[in-house]
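The values are calculated or read from the model by the stated rules, or taken from the named source; none is laboratory data. Keep in mind it's a predicted model, so treat the numbers as computed, not measured. We place every Cβ from the backbone using ideal geometry, glycine too, and count neighbours over all the protein chains shown.
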Amino acid sequence: MANSCASRHLLREPAGVPGKNPRRSPQSDRRSFVYCALPNLDDENSRAEVQNVCEESSAAGPGGRGFLVFRRDRTLTAQRFDPDAVETEGDMFPVAEGVPLGNTVLNTFGAFTVSDNGTLAYQTGGTTLRRELVWVDRSGKRLDTATQPAEIQNPYSVSPDGKMLAMRIAPGRSSQGGELWLQDLTRGVLGRFTFRAAFDSNPIWSPDGTRIIFSRAAVGGYSYDLFQKLANGSENEESLFHSGPSFAFATDWSTDGRFIAYTAQVAQTSIDLWILPLIGERKPTVFLQTPFNEQDGQFLPDAGDGQRWMAYQSNESGRDQIYIQAIPASGAKYQISTEGGTVPRWRRDGRELFYISADQRLVAVPISAGTGLQVGKPQPLFANAGMNSFVPSKSGDRFLINVPASGEQAVTPPIIVVTDWTATIAR
């Protein structure tokens, strides 16, 4: 399976393409375009329609006047391109150095764009990525700093006993790879948990705190698979699920230890919610699979009524909202958020559900699971600009959030615009 930039016809959606960044070729007949994706090379229809152009793992686009522009490592690179033959010609040549990624987790899109008339815009350097995790109370008041400044990326998780933190730390501004680290929240001791040259992310603790499940992709790859490893690091990781030409991101572990909720993406239905049993044959079953994006599934802890429930995020209404639905899904659901919502998280006893509203407020909703589900009125707690991840404490009286490191401000590099960028290239 290759990560490639390819050209395909618009007449039919090829199979097995989980993500794409299309850019039309100005010299083409307007019935094909270039995109960056994972073609399913095992599918005959995909092989018939998709023609590989370049083996780069970042977005590419026709640069006007017969060139293809793409990001190779941190160098913005160009190469002559024949849209009729759908192939590159001659040698690659650098255009700009130090062009960062637009998405540091999936390693997909470079911070550049190019128009049909030969105007190029790009950024160099990168934003200030040093972050720290801090505890705040229900009013947003800062209580304590949990970590040292580092390139800490979302999401992160706290062990069930509240003593250990699992997080992803990227190795510098290039974000080429990234390992999982564990920190003792009592003693402040930080230790590396995974050691391979890969993108490791989305650590989730088992209910008893003995294991961690996480997602992994090879550097430059798009396919994220699920692994688990003993939290004490005494054994190598175990492969749990191979996602194929897609991704699988674990989002939660049921309180009885028997099931994992994870998000997966396929071409036909976009982002879906699945459940992986850790007993028996370990055969995944779909929870929600619709034309909309359903993600970030969270099991209701210890419902107590013999019924399983899951909170999740969906854009079925035209914007992201938080819902709760019984397992297995019947279609009947409770809408929890009222003005948009992302990142649902339960209090440990399941009596409150928290989420981030569209206006960047942390919101709490009382929940009672007895005969059916009783949902209270959303209660805004505090606002925090840029917040897109958090972890509630066991009692829900404080929250761990990711903020810029003390004394640092995120600095966005300027956008450099070059008109007629091909003028100096030898013809």
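Consider residue 240 carefully, then state whether it is touching a residue at least 12 places away in the same chain (Cβ under 8 Å), in contact with a Pro (Cβ under 9 Å, 6 or more places away or on another chain) and either part of a strand (DSSP E or B) or under 22 Å from residue 394 (Cα atoms) (or both). Before you say what the answer is, go through the steps one by one.
Working: touching a residue at least 12 places away in the same chain (Cβ under 8 Å): yes; in contact with a Pro (Cβ under 9 Å, 6 or more places away or on another chain): no; either part of a strand (DSSP E or B) or under 22 Å from residue 394 (Cα atoms) (or both): yes.
For residue 240, the condition - touching a residue at least 12 places away in the same chain (Cβ under 8 Å), in contact with a Pro (Cβ under 9 Å, 6 or more places away or on another chain) and either part of a strand (DSSP E or B) or under 22 Å from residue 394 (Cα atoms) (or both) - is not met.
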Open item on the list: Cβ contacts < 9 Å: first residue within 11 Å of residue 341 (Cβ to Cβ) and touching a residue at least 60 places away in the same chain (Cβ under 8 Å), restricted to the range 357-380; second residue of a type outside the set (Asp, Glu) and exposed (fewer than 14 other Cβ atoms within 10 Å of the Cβ), any location; separation 6+ or different chain. Result?
Closed with: 362/380; 362/383
- [ ] Give the residue, chosen from 296, 272, 252, 256, that is outside any loop (DSSP other than H, G, I, E, B), in contact with a Pro (Cβ under 9 Å, 6 or more places away or on another chain) and of a type in the set (Asp, Glu).
- [x] 296
Open item on the list: From the list 194, 186, exactly one residue is more than 16 Å from residue 401 (Cα to Cα), modelled with pLDDT of 90 or more and out of contact with any strand residue (DSSP E or B) (no Cβ under 8 Å at 6 or more places or on another chain). Which is it?
Closed with: 186
- [ ] Pull up the range 250-285, narrow it to residues that are exposed (fewer than 14 other Cβ atoms within 10 Å of the Cβ) and β-branched (Val, Ile, Thr), then point me to the one that is nearest to the chain's Cα centre (by Cα).
- [x] 285
- [ ] Quick one: residue 302 ticks every box in (1) assigned to a strand (DSSP E or B); (2) surrounded by fewer than 18 Cβ atoms within 10 Å (Cβ to Cβ); (3) at positive phi except a single one, so which number is it?
- [x] (1)
Open item on the list: Can you find, within the range 310-362, the residue that is surrounded by the fewest Cβ atoms within 10 Å (Cβ to Cβ) among those that are modelled with pLDDT under 95 and among the hydrophobic types (A, V, I, L, M, F, W, C)?
Closed with: 332
Task: Conditions (1) more than 16 Å from residue 295 (Cβ to Cβ); (2) among the small types (Gly, Ala, Ser); (3) out of contact with any Gly (no Cβ under 9 Å at 6 or more places or on another chain); number of the one not met by residue 223 - done: (3)
Task: Filter result (over 22 Å from the mean Cα position of the chain (by Cα), part of a strand (DSSP E or B) and surrounded by 15 or more Cβ atoms within 10 Å (Cβ to Cβ)) within the range 181-210 - done: 183, 190
Task: Those residues of the range 72-86 which are buried (at least 16 other Cβ atoms within 10 Å of the Cβ) and either in a strand (DSSP E or B) or at positive phi (or both), in sequence order - done: 72, 75, 76, 77, 78, 79, 80, 81, 86
